[in-house]
Amino acid sequence: MDPDIGRITRSLQGRRQRATYDAVAQLLGCETRGFMEGEERNYQNSWVVAVKNGLPNKYQQHEIDPALLVAREAGEDVIDNSRDLQAWLDRDLGTFD
């Protein structure tokens, strides 16, 4: 099964796990810049974050899942590469291959 952005973000939100734009884009085989353009700014998609601050780019406060802010304040890990994201998703959803 191939990964898609909806399945990835649903899983991230469901298990309250942040992943960087780079990690998600690499897994999808996309360029990092702009790959989320066209996606709605909502709680589900807010779990894809920038490496520099652990928050989603260009989101207003009301568009960010409050649980994400709690995770960030608690210093919880962010998945920052496609290999780790793939392994995490395999545990959550079953193999994408």
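Mind checking which residues of the stretch 36-56 are over 12 Å from the mean Cα position of the chain (by Cα) and closer than 20 Å to Ser82 by Cβ?
Matches in the stretch 36-56: Glu37, Glu39, Lys52.
Looking for something modelled with pLDDT of 95 or more and among the β-branched types (Val, Ile, Thr) - is there at least one such residue anywhere in the stretch 29-42?
No - not one qualifying residue is present in the stretch 29-42.
What number of residues within the stretch 75-87 are of a type outside the set (Gly, Ala, Ser) and over 12 Å from Arg16 (Cα atoms)?
Number satisfying all stated conditions: 6.
The values are calculated or read from the model by the stated rules, or taken from the named source; none is laboratory data. Bear in mind the structure is a predicted one, so any value in this text is a computation, not a measurement. Using ideal geometry, Cβ is built from the backbone for each residue, glycine included, and neighbour counts are taken over all protein chains shown.
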